[in-house]
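Novice: Dropping a structure here in structure tokens format, bear with me for questions.
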Amino acid sequence: MSQKDISCFDFVTPQGNRHLKLEEGARLVMSMALGHLPSCDCPLAAALGRVLSKDIVAPFNVPQNINAAMDGFALKGEELGAQTEWELQGQSLAGRAFDGRLQPGGAVKITTGAPMPSGADTVVMQEMCELRGTRVVIADSVAVRPGSNVRQAGEDIAVGSLVLRRGQRLGPIEIGMLASLGLHQASVYKPLKVAVFSTGDEVCAPGDELQPSGIYDTNRFTLLSVLKGLECEVEDLGILPDDKASIEQALQQAAQRNRLVLTSGGVSVGEADFVKQALSSLGNTSFWQLAIRPGRPIAFGDLGLNQDGELCLFAGLPGNPVAVMVTFCLLLQPLIRKLQGETEWVGLTWQARATESMKSRTGRSDFHRGIFTITEGGELEVRTTGHQGSGILTSMHEANCLIRIEEDRDRVEAGSRVRIYPFSRWLPGYPLV
């Protein structure tokens, strides 16, 4: 093996542990998502993004009345074709229905959404009608089919039907459906409590003067943003120095107040990587390295029981900003969604044709940052954003997906198929496409 071919993936850990495959690590992470959060009533105006904790059953029909699907004149369908004129007997407006029963040979002017008069079963659109005083003339009444332009009661939602399931995350459409049932609040799971801090003497807070050997704290703000996108209750613990005692104290205190603690940096094999050491002292470690790139050094485990008697989980993410986002998307996002009680989310992946060749190594999954497009013929194509270093944050900014090269492939040729992870499904807060 030549020097340029040597990789950290060629070595086992000092303890003799192997790198877990992505799916192995994901199963271990998800196996720790035990129990569920308590629920609370949330005003509908503040329920966007929250997860339902109870099924929603329709208490009445939506719409509650048989109503007009468009503006026009309501009449008896059996009279169409037999006559061309009808006597106007009144009007039915949305919010003010026609009072009475439609008589034979009569018509009622009606607006969209207004209740159908008793005795009427058809609406003729106003463009086909001519009002001459109190007479409604329909020149081509044979062309109108009886029963046209009428919406039935319960056509949208039938009384007693299951409208939304427990475990669904509420989006704008779901909020509107709840409002259509007259609900002003929803029973939802309480937000997951998550603590976040960065580590490293070299890490500087944005706004402070950048030291000669320093870097600005990118990872903490990325994590705060994606957690907000998942409607978590986040405790920002700032930046901790490379000091084992300080890190242990911060972890111990954060574990009491939260259900999940996230850090970035300090989980590699360097002498100043104290997070992993602190985790070993305070709790249990499930794994601390995965056969993925970027994102190999990641520690996952628990910090014991919190003040509510729940197991506080811990994830020590890598220090490189791209690796932080990749590992969060692939491992922690599904975990958080499950802890929040969400059951409807599916991490969809697509197949796309690579427009360029890409290199990898067998034995690990490589995640390149990619840009997918759809050709005029409807084919999904993808290319990389260029240089794929795990510290190049612009590679995520320019991308709209991750390209996975599986463990059994050391190269992807142009024209071959690859699996992509669209950001719209995998990166919380990313705009839907």
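Novice: Compute the distance from the alpha-carbon center of region 353-388 to that of region 40-106, in whole Å.
Specialist: Taking the Cα centre of each part, region 353-388 and region 40-106 sit 51 Å apart.
Novice: Can you give the local net charge around E310? Use residues other than it whose beta-carbon is closer than 13 angstrom to its beta-carbon, Lys and Arg +1, Asp and Glu -1.
Specialist: Once positives and negatives cancel, what remains is +2.
Novice: Let me ask something additional. Considering only DSSP beta bridges with both partners in the chain, what is the antiparallel share in %, to the nearest 5?
Specialist: Around 65 percent of the beta bridges assigned by DSSP in the chain are antiparallel ones.
Novice: Sort out for me the Cα centre separation of region 319-336 from region 119-198, rounded to whole Å.
Specialist: 40
Novice: While we're here: Of K21/K276; K54/K193; K276/K359, which ones are farther than 29 Å apart at the Cα?
Specialist: Among K21/K276; K54/K193; K276/K359, the Cα-Cα distance tops 29 Å for K276/K359.
Novice: So, one more: At q = 0.27, 0.28 Å⁻¹, what log₁₀ I(q)/I(0) does region 158-198 have when each alpha carbon counts as one equal point scatterer in the Debye sum?
Specialist: Debye intensities relative to I(0), on a log10 scale: -1.10, -1.16.
Novice: For the chain, modelled as a Gaussian network with Cα springs under 10 Å, which listed residue fluctuates most, C204, C329, C129?
Specialist: Evaluated over the chain, the most mobile residue of the options is C129.
Novice: List, in order, the whole-Hz ³J(HN,Hα) value for each residue of region 348-365 obtained from phi through the Karplus relation with A = 6.51, B = -1.76, C = 1.60 and θ = phi - 60°; use x for Gly and Pro.
Specialist: With the stated coefficients, region 348-365 comes to 5, 10, 10, 9, 9, 8, 6, 9, 8, 7, 9, 9, 8, 9, 5, x, 9, 9 Hz.
Novice: Now, a different point. If all Cα-Cα distances of region 294-433 are sorted into 5 Å bins from 0 onward, what percent lands in each bin, rounded to whole numbers?
Specialist: For region 294-433, the pair-distance distribution reads 2, 9, 17, 20, 19, 14, 9, 5, 3, 2, 1, 0.
Novice: Related question: For the chain, report the accessible area per residue in Å² (1.4 Å probe, heavy atoms, rounded to an integer).
Specialist: Values: 20720 Å² over 433 residues.
Heavy-atom SASA per residue in the chain reads 48 Å².
Novice: Roughly how many percent of the accessible protein surface of region 106-241 is carbon and sulfur, given a 1.4 Å probe and a whole-percent answer?
Specialist: 51
Novice: Among R50, R27, R337, which one shows the biggest mean-square fluctuation in a GNM of the chain, springs joining Cα atoms closer than 10 Å?
Specialist: In this elastic network of the chain, the residue with the biggest mean-square fluctuation among R50, R27, R337 is R27.
Novice: Report the normalised scattering of the chain as log10 I(q)/I(0) at q = 0.14 Å⁻¹, calculated by the Debye formula with identical scatterers on the alpha carbons.
Specialist: Listed by q, the Debye log ratios stand at -1.22.
Novice: Could you give the length gained by full extension between E413 and E23, i.e. 0.36 nm per residue of separation minus their alpha carbon distance, to one decimal place?
Specialist: Between E413 and E23, full extension yields 138.0 nm more.
Novice: Which lysines, if any, have their Cα less than 24 Å from the Cα of K109, not counting same-chain residues under 8 positions apart?
Specialist: Filter leaves K76.
The values are calculated or read from the model by the stated rules, or taken from the named source; none is laboratory data. This one's a predicted model, so the numbers in the text were calculated from it and none came from an experiment. Methodologically, a virtual Cβ is constructed for each residue, glycine included, from the backbone with ideal geometry; neighbour enumeration extends over all protein chains shown. Each accessible area value is taken on the protein alone, full model and side chains, heavy atoms only, with ligands, DNA and RNA left out. Shrake-Rupley method; radii C 1.70, N 1.55, O 1.52, S 1.80 Å.
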